[in-house]
Amino acid sequence: MNKILLLVIITAFSAGNVHAKDLESLVNLKGYWKFTIGDDPDWASPDYNDSKWTKVFVPQSWEQNGFQNYNGYAWYRRTFTITSPKSAQYVYLNMGYIDDADQVYVNGKLVGASGKMGPKSETAFGIPRMYPIPKSILNKEGANLIAVRVYDDYNDGGITGGEINISFDSDQFKMNVDLSGYWDFETSIEADESNRKVITYREGKIFVPGFWEARGYNQLDGRAVYTKSFTYPANLSTRDQVLFAGRIDDVDEVYLNGEKIGSSSQLRRKHRRFSYSSDHLLLRAYDIPDNLLNKGGENTIEIMVRDHTGPGGIYDGPIGITDRETASPIIDKSLKDNKNSFQKFLDYWFD
């Protein structure tokens, strides 16, 4: 097999399979959705009557559903019911891969946007969509509505593949200090204008975890800095603690209270026998030097990320601090999953 082709296949395999693999599904959204071509802001409303819309299967391009040679705007709608974990402030809506740009509404509220709509569009077709949904906007007693506005510039369009569900990260609940949520964010570009209307958007901050392209930073390659200040509980030990910084695309350096505690290159050397593909597969779990944490006071984490190409950022959890005893099985499972995933890849292509 051509080496360049093999490299492309490995990259595509990795990017398409690591995202959200550790999330536990609450609602399976694969199947038939209501669909129509055209564009009308009223279609985001839960009160709109979509009974005359066509049913299409998701995930598949709309060409595969019979809308051949159509480029432009289209909408999808689907209702769901949910019982979410009591301790979770957010659940995650995974909308897979959308070609080219999208805006996603839940119960009429804009919860996520990727790419840029036409006529001067910017594609985000290779970015897995994972949008946080605040539990406060969900109807716990009955039906909820998802409405997806899509713009396709050319070739296949629509919700084309990937995980389509609502999920949560059970490992996040094992963190003694939960650091998921909003982080300060510095980079060379500003968030796209449409993303500033997303209900979880905050100026100068980014919601973690999630690819930064799925937070409005379209086609951002290069360097960005995440910063988070937090109070470490006075009743917790500062010995034998581990910082989880999730999975990061591509490389990182991590500082706690001004001291470097790790980097992706150090992790790769440490777990070399399990690291079969790109750095973005590695779960970042960094040992915190004893007594570096300011017990009962303010602490600051700084994560410097550099993305080479494609999706970037702290894209998957868990994000937080826990003791080493709790951390060890999470780390071991991640390493084994990486090895098993790569072996399945080899079996598929070379058997």
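Taking all protein chains together and a probe of 1.4 Å, list Leu292, Leu243 from the most accessible to the least accessible.
Ranked list, largest accessible area first: Leu292, Leu243.
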Given DSSP loops and a limit of at most 10 other Cβ atoms within 10 Å, what is the longest stretch of the chain that contains no such trypsin sites (Lys or Arg not before Pro)? 141-351
Given C-alpha coordinates of region 257-335, what is the ratio Rg to Rh with the Kirkwood estimate of Rh? 0.96
Which aspartates and glutamates, if any, have their Cα less than 12 Å from the Cα of Lys30, not counting same-chain residues under 8 positions apart? Glu163
What three numbers, in Å, describe the spread of the alpha carbons of region 93-187 along their principal axes, ordered from the longest? 47, 39, 22
Place +1 on the Cβ of every Lys and Arg and -1 on the Cβ of every Asp and Glu in region 154-245, take the dipole about the Cα centre, and give the residue among Ser170, Thr187, Tyr217 whose Cα lies farthest towards its positive end. Ser170
With +1 on the Cβ of every Lys and Arg and -1 on the Cβ of every Asp and Glu, the dipole magnitude of the chain about its Cα centre, in debye rounded to the nearest 20, is 680 debye
Net charge over other residues, Cβ less than 13 angstrom from the Cβ of Phe230 (K, R count +1; D, E count -1): -2
Search the structure for amide H atoms under 5 Å from the amide H of Arg284, placed 1.01 Å from N in the peptide plane, and list their residues when 5 or more places away or on another chain. Ala245, Gly246, Arg247, Ile248
Place a +1 charge on the Cβ of each Lys and Arg in region 286-330 and a -1 charge on the Cβ of each Asp and Glu, then give the dipole magnitude about the Cα centre in debye, rounded to the nearest 20. 60 debye
Only helical DSSP H runs with n ≥ 4 go in: add -39500 (n - 2.57) per run for the chain, normalise by residue count and round the 222 nm mean residue ellipticity to 500 deg cm²/dmol. -5000 deg cm²/dmol
Once you keep just the Cα pairs under 8 angstrom separated by 6 or more residues, what percentage relative contact order results for the chain? 18 percent
Measure nothing fancy, just the Cα-based angle from helix 324-350's long axis to the longest principal axis of the chain, in degrees from 0 to 90, nearest 10. 50 degrees
What translational diffusion coefficient, to the nearest whole µm²/s, does region 82-241 have by Stokes-Einstein, given a Kirkwood radius computed over alpha-carbon pairs, a temperature of 37 °C and 0.692 mPa s viscosity? 194 µm²/s
Taking Lys and Arg as +1 and Asp and Glu as -1, residues besides Asn291 with C-beta under 14 Å from its C-beta add up to -2
Exposure ranking of Ile37, Ile330 by accessible area [1.4 Å probe, largest first]: Ile37, Ile330
For every other residue with a beta carbon closer than 9 angstrom to the beta carbon of Gly112, add +1 if it is Lys or Arg and -1 if Asp or Glu, then tell me the sum. +1
Would you rank Thr83, Thr227 by solvent-accessible area, highest first, keeping every protein chain in place and using a 1.4 Å probe? Thr83, Thr227
Which value, in debye to the nearest 20, describes the size of the charge dipole of region 81-186 about its Cα centre when Lys and Arg Cβ atoms bear +1, Asp and Glu Cβ atoms bear -1, and nothing else is charged? 500 debye
Quantify, in whole percent, the carbon and sulfur part of the accessible surface of the chain (1.4 Å probe; protein heavy atoms only). 47 percent
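Just to be sure I follow the rule: in region 63-184, considering lysines 8 or more places apart or on different chains, how many pairs have Cα atoms under 19 Å apart?
The result is 5.
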On Cα atoms only, tilt of 3-18 relative to the major axis of the chain in degrees: 90 degrees
Go ahead and set up a Gaussian network model of the chain, Cα springs under 10 Å, then flag whichever of Leu236, Leu256, Leu145 fluctuates most. Leu236
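The values are calculated or read from the model by the stated rules, or taken from the named source; none is laboratory data. Note that the structure is predicted; figures quoted are calculated from it, not measured. When we count neighbours, we look across all protein chains shown, and the Cβ atoms used for this are built from the backbone with ideal geometry, even at glycine. Just so you know, the surface numbers come from the protein's heavy atoms only, side chains and all, with ligands and any DNA or RNA stripped out. Shrake-Rupley method; radii C 1.70, N 1.55, O 1.52, S 1.80 Å.
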